[in-house]
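Heads up: the structure comes next, in structure tokens.
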Amino acid sequence: MHNRPYIEVAGEADRICRSDPDNNSITVLGAGSWGTALALLLARNGLKVTLWGHQQTHMDQLHKDRSNERYLPQSAFPDNLTVTSDLAVAASCNHTILIVVPSRSFRETLQAIAPLIGDITRVAWATKGIELSSGKLLHIVAREELGKGRDFAFISGPTFAREVANDQPTAATVASENESFAMELASMLHGPAFRAYTTTDMIGAQLGGAIKNVLAIAVGMAEGLGFGANARSALITRGLAEMMPLGLALGARPETLMGLAGVGDLILTCTDNQSRNRRFGLGVGKGLPFDDVIRSIGQEIEGIDASAGIYRLAQQHGVEMPITEQVYKVLHEGLTPREAAHNLLMREQKPENKLRG
């Protein structure tokens, strides 16, 4: 076991850090399973990594154990990964900040780091979701809080934290309107078992990451009701069919939604019980109380809030999303999963694809 002290940054040192940050370092904000897995990946790739979490007792335990036994047991921290619960320390000295907090905490986190970072600090996130109160994609929230001139990026794709922490083969997408930032961040992530691709389509990447959680809840509910592989396959396929028109309405590119951040993440989240959203849907489909299922999972279920945000976005843009609508009504209006299934099965017969010309 290592006994590494916390970093201390104050006064003049803090001022110097913000004006001349270290380019070979990165801060990860969020010490849950996915934030910890990304911090491990980046540290193993040779970067100096600072991992921040808001719970003092949790971070004390990480500091003592040199691992995150709560979420990723037996994944030891490299010596170049430092932990802290001091946000000023975490945000000040690194050129790039990667935010991995729940979407409902995203704006609050941006507001907290805004006075701590310099003008040249780049901000990325691996948070999948949209802002519930406004229905805004997270890059819009970031621009509102940190300014339009800053470089932003989003990391997404079919990625389970445990497999990344265990160096299992994984591929993901880095989306940024600044191609050079996307390439640099992808290079930080790219390693022997992790392939990172790039795109400039932040809208498509973010939508794919948000909608797939809603659809995973739908698939889980279907299986909780006792439905089989036929229903699962239909929900995934028709879910992609309703993801596409909303993406196009918002300016996403079809190839993004057909790539890792779209269909890739959709398949992963809907077919494996490592998915929190799928497990939540499974419990709901079995008739278990929502709070009991959430408590048993013990981590954020992004699809709950996303179902409301995506449903409202669809209404605003006149896009029909029947699966999303039924999930929303189960989670927020008291509809039963069996009633939702009945509503989908009783929809009017129509061609699979709209005819053109």
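If I filter the range 331-338 for residues that are touching a Gly at 6+ places or on another chain (Cβ under 6 Å), within 19 Å of LEU225 (Cα to Cα), hydrophobic (A, V, I, L, M, F, W, C) and open to solvent by less than 80 Å² (accessible area, probe 1.4 Å), do I get at least one hit? No; the residues of the range 331-338 include none that is touching a Gly at 6+ places or on another chain (Cβ under 6 Å), within 19 Å of LEU225 (Cα to Cα), hydrophobic (A, V, I, L, M, F, W, C) and open to solvent by less than 80 Å² (accessible area, probe 1.4 Å). Scanning the range 254-278 for residues that are in a loop (DSSP other than H, G, I, E, B) and surrounded by 21 or more Cβ atoms within 10 Å (Cβ to Cβ) yields GLY259, SER275. Answer with yes or no whether ASN166 is open to solvent by less than 60 Å² (accessible area, probe 1.4 Å) and in contact (Cβ under 8 Å) with a residue 24 or more places away in the chain. So ASN166 does not fit the description; no. Residue count for the range 204-253 under the criterion of being out of contact with any Leu (no Cβ under 8 Å at 6 or more places or on another chain) and open to solvent by 20 Å² or more (accessible area, probe 1.4 Å): the result is 18. Could you tell me which residue of the range 35-60 is nearest to the chain's Cα centre (by Cα), considering only residues that are β-branched (Val, Ile, Thr) and open to solvent by 10 Å² or more (accessible area, probe 1.4 Å)? This residue is THR50.
For first residues located in the range 334-348 and closer than 14 Å to ILE217 by Cβ and assigned by the TED database to the domain that holds MET321, partners that are outside any helix (DSSP H, G or I) and open to solvent by less than 40 Å² (accessible area, probe 1.4 Å) and lie 6+ apart or on another chain with Cβ distances below 6 Å form the pairs PRO337/LEU225.
Of everything in the range 144-154, what is surrounded by fewer than 24 Cβ atoms within 10 Å (Cβ to Cβ) and either in contact with a Gly (Cβ under 9 Å, 6 or more places away or on another chain) or in contact (Cβ under 8 Å) with a residue 40 or more places away in the chain (or both)? Give them in sequence order. Once the filter is applied, which keeps residues that are surrounded by fewer than 24 Cβ atoms within 10 Å (Cβ to Cβ) and either in contact with a Gly (Cβ under 9 Å, 6 or more places away or on another chain) or in contact (Cβ under 8 Å) with a residue 40 or more places away in the chain (or both), the range 144-154 yields only PHE152.
When the residues of the range 283-302 are filtered to those that are out of contact with any Ser or Thr (no Cβ under 9 Å at 6 or more places or on another chain) and within 17 Å of LEU335 (Cβ to Cβ), the one that is most open to solvent (accessible area, probe 1.4 Å) is LYS286. Against the condition surrounded by fewer than 18 Cβ atoms within 10 Å (Cβ to Cβ), part of a helix (DSSP H, G or I) and hydrophobic (A, V, I, L, M, F, W, C), how does MET183 come out, does it pass? Spelling it out, MET183 is indeed surrounded by fewer than 18 Cβ atoms within 10 Å (Cβ to Cβ), part of a helix (DSSP H, G or I) and hydrophobic (A, V, I, L, M, F, W, C). I'd like to check something: does the range 6-28 contain any residue that is modelled with pLDDT of 95 or more, open to solvent by 10 Å² or more (accessible area, probe 1.4 Å) and within 30 Å of ALA308 (Cβ to Cβ)? For the range 6-28, residues modelled with pLDDT of 95 or more, open to solvent by 10 Å² or more (accessible area, probe 1.4 Å) and within 30 Å of ALA308 (Cβ to Cβ): absent. Of the strands (runs of 3 or more DSSP E) lying entirely inside the range 63-158, the ones with 2 or more residues being modelled with pLDDT of 95 or more and within 19 Å of the chain's Cα centre (by Cα) are found at 94-99, 122-125, 152-156. Here is the figure for the range 277-335: residues that are among the aliphatic types (A, V, I, L, M) and in contact with a Cys (Cβ under 7 Å, 6 or more places away or on another chain) total 0. Here GLY157 meets the list (1) open to solvent by less than 10 Å² (accessible area, probe 1.4 Å); (2) over 13 Å from TRP34 (Cα atoms) almost entirely, failing just condition (2). Here GLY209, GLY204, GLY224, GLY228 are screened, and the one residue that is closer than 30 Å to GLY287 by Cβ, within 16 Å of the chain's Cα centre (by Cα) and not hydrophobic (A, V, I, L, M, F, W, C) is GLY209.
Residue-level check: of (1) open to solvent by less than 20 Å² (accessible area, probe 1.4 Å); (2) in contact with a Gly (Cβ under 8 Å, 6 or more places away or on another chain), LEU132 misses just (1).
The values are calculated or read from the model by the stated rules, or taken from the named source; none is laboratory data. Because the structure is predicted, anything quoted here is derived from the model rather than measured. When we count neighbours, we look across all protein chains shown, and the Cβ atoms used for this are built from the backbone with ideal geometry, even at glycine. What goes into the accessible areas is simple: the full protein's heavy atoms, side chains included, and nothing from ligands, DNA or RNA. Shrake-Rupley method; radii C 1.70, N 1.55, O 1.52, S 1.80 Å.
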